[in-house]
Amino acid sequence: MKLKSILTVFLLLTLWHGYAQQKNKTENIVLITLDGFRWQEVFNGADSSFFKQQATLKDPKLKEKYWREDAAERRKVLLPFLWTTIATQGQIYGNRALGNNVNVTNNQLFSYPGYNEILTGSADNERIHSNDKIYNPNTNVLEFINKQPGYKGKVAAFSSWDVFPYIINDKRSGVYVSTDVAEVKSANLSESEKMMNKLILKLPNPLGDVRLDAFTFYYGMEYMKKNKPKVIYFAFDETDDFAHGGEYAAYLNSANYTDKFFSELWTYLQSEPQYKNKTTIIITSDHGRGDNAEDWKHHGQKIAVANQLWFAFLGPDTPALGEVKTSETLYQNQVASTLASLLGMEYKTDKKVGDVIQSVTKK
Ligand SMILES: [Zn+2]
């Protein structure tokens, strides 16, 4: 037993050094998810046939803000950072109109199973089939990285949805997960944290127990500035909540200001020596949704097309392919191994899956 564990450690070190000697420039990763945000809006922008039916939060400027006759203009006005910076310097996968598919492999098509697949690198339909607050029995890539030399305590997650401590299994994994709708406690609060602490329990929150994405993002940014994590995960939630409520305006507005978070994040990363030209951003979603004026509100096993996803990459090891047009199909279960590979690590899951890294790093 002792011999085996020493050998295992040796093997891991060897692999790590072996991979680290490869040419990857990535030393930090930012993983971002927008819960249930559809590939249809990513590639086509707003769908005007959904404009009339939002239940609440009417937005009189919806059309003015997000409708353009030209689809390329329309998607750019909704997601300007994605369709300027990432489209010219990074990679965007999942435009099914061009034959480029990204799919989930789990058969549940809702949140916990999707995040489990993203983070652990394989679907687990037998054990992960509800959104209940149950500690995930599967180990995940954040946990794996947190155990690598030089990475302990340098992996963190900021989530809006309060199930993430269970999905990531913070008790077992040791990964720091921030999720509460509560004031942040710290001996050295920044001015921004002090202001957010004043607001977080006083602003009306239509999402109830779910933290508004702006708090998740800006608390996470303050954490980055103080603690300089090497891997940070931002899990945004509003798009899914607003979609379930049929609130298309709020869904689009949330996606639009989340895109502004990407821009702010990228500006910060490129201003900070630890991160500049050494950080890869990976953006995706946990599941898709239906594709007509009623079904777009829903997902799950009754909505077969909710298995359809998208990926975006921006960083020093992902050549500027822009919107990918090849007919290759990529899968949600490849995110974990890709994330680790970018850092020069080999993450192995329970089940054998392909490695998207060969696709995203090839010239
Ligand atoms: Zn979801």
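The values are calculated or read from the model by the stated rules, or taken from the named source; none is laboratory data. Computed from a predicted structure; not experimentally measured. A quick note on method: Cβ atoms are made from the backbone with ideal geometry, for glycine too, and the neighbour counts reach across all protein chains shown.
Structure values in brief
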read-out: Scope the stretch 225-249; condition of a type in the set (Val, Ile, Thr) and away from the ligand (no atom under 16 Å from the Cβ); matching residues; value: Val231, Ile232
read-out: Scope the stretch 289-301; condition near the ligand (Cβ under 10 Å from one of its atoms) and not charged (D, E, K, R); matching residues; value: His299, Gly300
read-out: Unique match (being part of a helix (DSSP H, G or I) and not small (Gly, Ala, Ser)) among Asn253, Asn205; value: Asn253
read-out: Members of the stretch 259-288 that are within 16 Å of the ligand (Cβ to nearest atom) and out of contact with any helix residue (DSSP H, G or I) (no Cβ under 6 Å at 6 or more places or on another chain); value: Ile283, Thr284, Ser285
read-out: Subset of the stretch 21-43 [more than 16 Å from the ligand (Cβ to nearest atom) and in contact with a strand residue (DSSP E or B) (Cβ under 6 Å, 6 or more places away or on another chain)]; value: Thr26, Asn28, Ile29, Val30
read-out: Counted residues, the stretch 134-152 - those being in contact (Cβ under 8 Å) with a residue 40 or more places away in the chain, assigned to a loop (DSSP other than H, G, I, E, B) and surrounded by 13 or more Cβ atoms within 10 Å (Cβ to Cβ); value: 4
read-out: Residue under evaluation Thr280, criteria (1) in a loop (DSSP other than H, G, I, E, B); (2) under 19 Å from the mean Cα position of the chain (by Cα), criterion not met; value: (1)
read-out: Hits in the stretch 158-175 - residues which are more than 12 Å from the ligand (Cβ to nearest atom) and either more than 14 Å from Phe234 (Cβ to Cβ) or in a loop (DSSP other than H, G, I, E, B) (or both); value: Asp162, Pro165, Tyr166, Ile168, Asn169, Asp170, Lys171, Arg172, Ser173, Gly174, Val175
read-out: Only listed residue being crowded, with 17+ Cβ neighbours inside 10 Å and free of Cβ contacts under 8 Å to residues at least 60 places away in the same chain, chosen from Gly290, Gly315; value: Gly290
read-out: Asn100 vs. criteria modelled with pLDDT of 95 or more, more than 16 Å from the ligand (Cβ to nearest atom) and either closer than 30 Å to Tyr347 by Cβ or out of contact with any Lys or Arg (no Cβ under 8 Å at 6 or more places or on another chain) (or both); value: yes
read-out: Complete set of residues in the stretch 107-133 that are within 14 Å of the ligand (Cβ to nearest atom), among the polar types (S, T, N, Q) and assigned to a loop (DSSP other than H, G, I, E, B); value: Gln108, Ser130, Asn131
read-out: Residue list for the stretch 209-224, filter: under 18 Å from Asp259 (Cβ atoms) and assigned to a helix (DSSP H, G or I); value: Asp213, Ala214, Phe215, Thr216, Phe217, Tyr218, Gly220, Met221
